[in-house]
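The values are calculated or read from the model by the stated rules, or taken from the named source; none is laboratory data. Bear in mind that the values here come from a model prediction, so they are computed numbers and not experimental data. Heads up, the Cβs are rebuilt from the backbone with ideal geometry, glycines too, and the neighbour counts pull from every protein chain shown. Ligands, DNA and RNA are stripped out before the accessible areas are found, and what is left, the full protein with its side chains, is counted by its heavy atoms. Shrake-Rupley method; radii C 1.70, N 1.55, O 1.52, S 1.80 Å.
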Amino acid sequence: MERPGVERHGVESQGTVRTVEAEPGVTLWVQDLPAHRPTPAAPVLLMNGAGSAGYGWPDALVEALRERHRVVRYDHRDTGRSTHAFEDRPYAVADLATDALAVLDGCGIDRAHLVGIGLGGTLVQLLALDAPHRMVSAALLCSAALPCSAALDTGDADLPGPTRDVRRMWQELGDPRDEAGELAWRVEYWRRVSGGVLPFDGVEFAARERRIMDHTGRVEPCTAHAQADLDGLDRGGELGSVTVPTLVVEAPEDPVHPPPHADHLAARIGAAAQLVTVDGMGHALPDLLCEPIAAVLLEHAAEAEEAEADPATPQAEAVPAAQQAEQAPPGAGQPTQR
């Protein structure tokens, strides 16, 4: 069900909207937002999860990051206002990582802090292996390590998979629904993957999904990423070669990549990784957690830039971001390093 795309006022009307060509016949919608004040800090590129458009990144998080950084968010192929043509032009998940480089090029950005959630974290891992020269730092939220060949004894088989509840909803992804039904399904999905520890605001997520539908101009969800070729992802054994300073953000209530996935990912990366837990976090970004998440991302980016400017400066042994989360409810979103 297609309908005219609608843009609302607010952050949508700020910055520069670009159309970037990823390859002939495939364009990506990009929103390039300047920092709130002049800054020497490198830009931040936000890379969303599977089937998620750029507006899935909450404005509260984007605005907090803009206190120090230029921020770029974009629509993956087959989401938002980017090209929807998977049936005619099938692609691999790894191609979505190459798309991110096209976004950087289209914005005239040489190097950036790359922040990925879910599938976006998978793409950031690929880029840390293949294009580290384009990265100042990496941040992986709610992400699993790239898989390894079954011939390697890596412990992958011992890691828990998504819960049965989540898998069932994934099976329903492509079911036909009218606009009201689709909106209700999406809100229910976010409720289930949020983890159930922190309060869930259905009105907040409904407003976010309505905005994405208006922006996209269609009601149907993206199913292309679930069908994309997985060839080229079997590179977990290479993660120990990553040198890009990498923040691994564990969401202890994540039903998609439950603990100890984050520990496993950080261990795979090794010395370049820093592991931080955001208490109460599931596989979602509620406004409630935007402040503490922004705090750890800003701290990590600053540390990476400081270390790059002075290689003799050791990386901080703790993330003092909890001091910046005083407005969060007790026990919610308090970052701790492990």
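Below, the figures for the structure above:
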quantity	calculated
Local net charge near ASP175, Cβ-Cβ under 15 Å (Lys/Arg +1, Asp/Glu -1)	-2
Of the DSSP H helices in the chain, those whose Cα atoms cover at least 15 Å axially and whose Kyte score averages 1.0 or more	93-106, 119-130
Cα-Cα pairs of the stretch 55-99 separated by more than 12 Å (percent)	69
For LEU46, net neighbour charge (Lys/Arg +1, Asp/Glu -1) across residues whose Cβ lies under 13 Å away	-1
Solution diffusion estimate, µm²/s, Stokes-Einstein, the stretch 222-261, Kirkwood Rh from C-alpha pairs, 25 °C, viscosity 0.890 mPa s	185
Electrostatic dipole magnitude of the chain [Cβ: Lys, Arg +1; Asp, Glu -1; Cα centre; debye, to 20]	380
Measure of compaction for the stretch 179-283 (Cα Rg per 2.2 N^0.38 Å)	1.33
Cα-only Debye scattering, the chain: base-10 log of I(q)/I(0) at q = 0.07 Å⁻¹	-0.26
Taking the C-alpha atoms of the stretch 233-296, convex hull volume expressed per residue in Å³	94
Chain lengthening between ASP88 and ASP130 when straightened (0.36 nm per residue, less Cα-Cα)	12.4 nm
Within a Gaussian network of the chain (alpha carbon springs, distance under 10 Å), most fluctuating of ARG73, ARG208, ARG168	ARG168
Surface accessible to a 1.4 Å probe, HIS133 within the full protein complex, Å²	120
Extreme residue, positive dipole direction of the chain, given options LEU96, LEU33, THR79 (C-beta unit charges)	LEU33
Amide H within-cut-off set for LEU275, under 5 Å, with H built and near neighbours excluded	VAL248, ARG338
Cubic angstrom per residue, convex hull over Cα atoms of the stretch 8-81	95
Cβ-defined net charge surrounding VAL71, 12 Å radius [Lys, Arg +1; Asp, Glu -1]	0
Approximate spin-label separation ALA206-GLU63, in nm, with each point projected 7 Å along Cα-to-Cβ	2.2
P(r) weight above 22 Å for the stretch 26-169, C-alpha pairs, percent	43
Cα→Cβ-extended label distance, 7 Å offset, between GLU23 and GLU179, nm	3.4
Estimated vicinal HN-Hα couplings, Hz - the stretch 26-41 in sequence order (Karplus 6.51, -1.76, 1.60; Gly, Pro = x)	10, 10, 10, 7, 10, 10, 10, 10, x, 5, 5, 8, x, 8, x, 5
ASP110 paired with ASP229, simple spin-label distance in nm, labels 7 Å along Cα-to-beta-carbon	3.4
